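The values are calculated or read from the model by the stated rules, or taken from the named source; none is laboratory data. Predicted, not measured: the structure shown is a model, and the values here were computed from it. Heads up, the Cβs are rebuilt from the backbone with ideal geometry, glycines too, and the neighbour counts pull from every protein chain shown.
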Amino acid sequence: MEKEGLEVAGKKIGKQTIRFVNKPIISGMCSVVGTKEGQGPLKEYFDVILQDDMYNEKTWEKAESKMLKEAVMTAAKRSGVSTEEIDVMLTGDLLNQLMSSAFMARDLHIPFIGLYGACSTMTQAMLISGMIVDGNFATNVLAGASSHFCTAERQFRMPLEHGNQRPPSAQWTATAAGAVCISAAPNENVKNLVPPPKTICLTEGTIGKIIDTGMKDANQMGAAMAPAAVDTLLNHLEDTGRSPDYYDIILTGDLGFIGKDIAVDLLTDAGLNRGILQNIYDDCGTMIYEKEQDVHSGGSGCGCSASVYTGWLFRRMRKGEINRALILSTGALLSTISPFQGESIPGIAHAVALETM
Amino acid sequence: MSGKKKKKKGSDVRKQPIQKKEVAKAYEKYAEQFTPKPTYVKNCLKAFLVGGLICAAAFYVQNQLMGKGIDEKDAGTFVTIMLICTAQLLTGFGWFDTIGKVCGAGVIVPIRGFANSMVAPAIEYKKEGIVLGVGSKLFSLAGPVLACGISSATAVGIIYWLIEKF
């Protein structure tokens, strides 16, 4: 039995990067955010802003599930395809056994794969969705991620009403969800819109390695994840042979104010130009809240990057304000028990490069 | 052969953690440069003022009670109960976390933190049912403090008793 045509050449470039040869496109997107996020600087960009973080549900978990469902269904609707035409759905969240995602998918009857990448889930989902579409295994794939402050807080930290003080390095888990529909070709109806929106397509993706710097403080997530983001970014640039100014914007997921400063410093050490970086590099965790919103070191959670990408970045790309973007969601892969066992925090970051056509 | 290989690998692995630890320490130090320090002096002053005010108020109430003819020990107990009850009520109304955030140890140390640490999980886990939710999580914060506090008190008590005896 001879295997013929086994060729990855052309699709894999360098060590960690893949090239989407058929350029899958983002055909629909939606962002749903909570009340606090809806008061932040990006409030005009989000599609749905909740009046109440409970979202008319009985539990926080159900509320998060409903947010993700809303995001996923709206993304599908906007792409112009019906739910029957969705071939597979890849979503993830922060909860044990992916509660929000699985419970969201239980009455949708869409083939479903749950993903856990901590806060890196959004780019993880987009990367795999891109591969599925690019490999002609599907024509329409939904990718999404969600997080909720109240569900994450009770699982990873303290009960909500506990009167403790948060250290300045702590980050605020965003109550947010975002989803995109990735398709092989744009929907015909979209072309008739005036003015015609630009088409966003996935061009490359870089799969990140786990980088563990030995940080043990669960309140220092930004610092724990920054080296992973730096590693993925440097590998992406090396694999593609690009310099950072190839992109109009490089956006990390949720490093926060501290992690962002560390990332810039590490990248400068690696030989990148600090001036260029300060112009094009930003972090979703530092964008989603105002400093006055008492979030200490910024936002975090899967929903943080998912909502900023789908609400702010993709919307601006469609208008043609941004044409080349590199998104890197970063995740801290700690569990609820690992800090008690004295384990350090493994960090990860996956990158997806996007261009408009 | 394979055994030899394993041995060699073992010694390599043993060397690695030491190096890893050094890297981790160096990185932690590096990350610290970027982290703003908590405002210790301001926090201490706030805690001192708020804690002092609460204690002064409690003392005033105790004196009032004693003026009404209740003896000192009972008056102290009543005041303690009042402090715990107000903390529980404030937690229930959802105000205690905000007060705790601003005033820190000032409101937590005078017994109230203990009340808060019981009521907060009780509210949180109501959805999981009374027995397996509230019942099992009620002591999730206070439990470790109780267990360790009582154990260490017992140990100190035994030492004290031994010293007294000999």
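Per-residue answers, yes or no, for (1) closer than 16 Å to residue A:310 by Cβ; (2) of a type in the set (A, V, I, L, M):
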site: A:36; (1), (2): no, no
site: A:42; (1), (2): yes, yes
site: A:46; (1), (2): yes, no
site: A:50; (1), (2): yes, yes
site: A:55; (1), (2): no, no
site: A:68; (1), (2): yes, yes
site: A:71; (1), (2): yes, yes
site: A:76; (1), (2): yes, yes
**Study point:** the stretch A:225-243, subset out of contact with any Phe, Trp or Tyr (no Cβ under 9 Å at 6 or more places or on another chain), of a type outside the set (Asp, Glu) and more than 14 Å from residue A:328 (Cα to Cα), residue farthest from the other protein chains (Cβ to nearest Cβ)
**Key:** A:241
Practice item. Could you please let me know if residue B:59 is closer than 30 Å to residue B:39 by Cβ, within 13 Å of chain A (Cβ to nearest Cβ) and either in contact with a helix residue (DSSP H, G or I) (Cβ under 7 Å, 6 or more places away or on another chain) or part of a helix (DSSP H, G or I) (or both)? Key: no
**Study point:** Failed criterion for residue A:241 (all others in (1) under 21 Å from the mean Cα position of the chain (by Cα); (2) surrounded by fewer than 19 Cβ atoms within 10 Å (Cβ to Cβ) hold)
**Key:** (1)
Point to revise | helices (runs of 4 or more DSSP H) fully within the stretch B:69-166 counting 3 or more residues that are away from chain A (no Cβ under 11 Å) and closer than 25 Å to residue B:51 by Cα | key: B:72-93, B:142-165
Review point. If you scan the stretch A:264-309, which residues turn out to be farther than 28 Å from residue A:34 by Cα, assigned to a helix (DSSP H, G or I) and of a type in the set (A, V, I, L, M, F, W, C)?
Key: A:264, A:266, A:267, A:276, A:277
**Study point:** Matching residues in the stretch B:116-140 - criterion: being under 27 Å from residue B:39 (Cβ atoms) and either surrounded by fewer than 20 Cβ atoms within 10 Å (Cβ to Cβ) or among the small types (Gly, Ala, Ser) (or both)
**Key:** B:117, B:120
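Give me the residue from the stretch A:310-357 that is part of a loop (DSSP other than H, G, I, E, B) and acidic (Asp, Glu) and, out of that set, farthest from the chain's Cα centre (by Cα).
A:343
Could you say which residue among A:23, A:58 is free of Cβ contacts under 8 Å to residues at least 24 places away in the same chain, in a loop (DSSP other than H, G, I, E, B) and assigned by TED's automatic domain parsing to the domain that holds residue A:107? Write out each step before concluding.
On the way: A:23 fails: free of Cβ contacts under 8 Å to residues at least 24 places away in the same chain.
When all the criteria are applied, what remains is A:58.
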Practice item. Starting from the stretch B:24-35, keep only residues that are within 15 Å of residue A:211 (Cβ to Cβ) and more than 7 Å from chain A (Cβ to nearest Cβ), then list their pairs with residues that are surrounded by 14 or more Cβ atoms within 10 Å (Cβ to Cβ) and at pLDDT 90 or above whose Cβ atoms are within a distance under 8 Å, requiring at least 6 positions of separation or different chains. Key: B:30/A:262
Practice item. Taking only the stretch A:253-304 into account, find how many residues are at positive phi and buried (at least 24 other Cβ atoms within 10 Å of the Cβ). Key: 3
Exercise for review: Check A:157, A:166 and return the single one that is touching a His at 6+ places or on another chain (Cβ under 7 Å), surrounded by fewer than 22 Cβ atoms within 10 Å (Cβ to Cβ) and of a type outside the set (Gly, Ala, Ser).
Suggested key: A:166
Check your understanding: When residues of the stretch A:120-154 are filtered for being more than 25 Å from residue A:185 (Cα to Cα) and either of a type in the set (D, E, K, R) or out of contact with any Ser or Thr (no Cβ under 6 Å at 6 or more places or on another chain) (or both), how many remain?
Key -> 4
